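A quick write-up on the structure given underneath.
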Amino acid sequence: MKNCIKEGSILAKVLNMFREFTMKRIEGYKKLSNRQKDMFDQIYKKHLSSMSFEERRKYTESCIEKVEGEVSIIKVYFKSGECYLYLPGNKWIKHP
């Protein structure tokens, strides 16, 4: 659905407002560009869907400590001490 929504449309603005509201407490999220936020959203959803229900509980939004955006990589830090790199092409890897 996200790919069908035109940037600047009313629905896109509503989705962006909802995203800003739910993610506002996560350090570094406001510093991401809209493109990085879209990338984060897509990869985060895929990352969660790759896990069992029980495992997913450790990676909910409330477990994200901070994010750092670079040119084409987003570092996602979880309260558990784990860090993942979110990469172009909807990929992610665990960062040591």
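Just so you know, all these numbers are worked out from the coordinates, no wet-lab data involved. The shown structure was predicted, so the numbers you read here are calculated from the model rather than taken from an experiment.
A few remarks follow.
- 3J(HN,Hα) along the range 62-72, derived from phi through the Karplus expression 6.51 cos²θ - 1.76 cosθ + 1.60 where θ = phi - 60°, amounts to 5, 9, 7, 8, 7, 10, 10, x, 10, 3, 10 Hz, with x in place of Gly and Pro.
- Close amide H pairs (under 5 Å, H built 1.01 Å from N) link K66 with Y77, residues at least 5 positions away or on another chain.
- Database remark: amide H of W92 closer than 5 angstrom to the amide H of L87 (H placed geometrically; neighbours at sequence offset of 5 or more, or on other chains; Pro and chain starts carry no H).
- Additional length obtainable on full extension of the chain from K75 to L87, 0.36 nm per residue less Cα span: 3.4 nm
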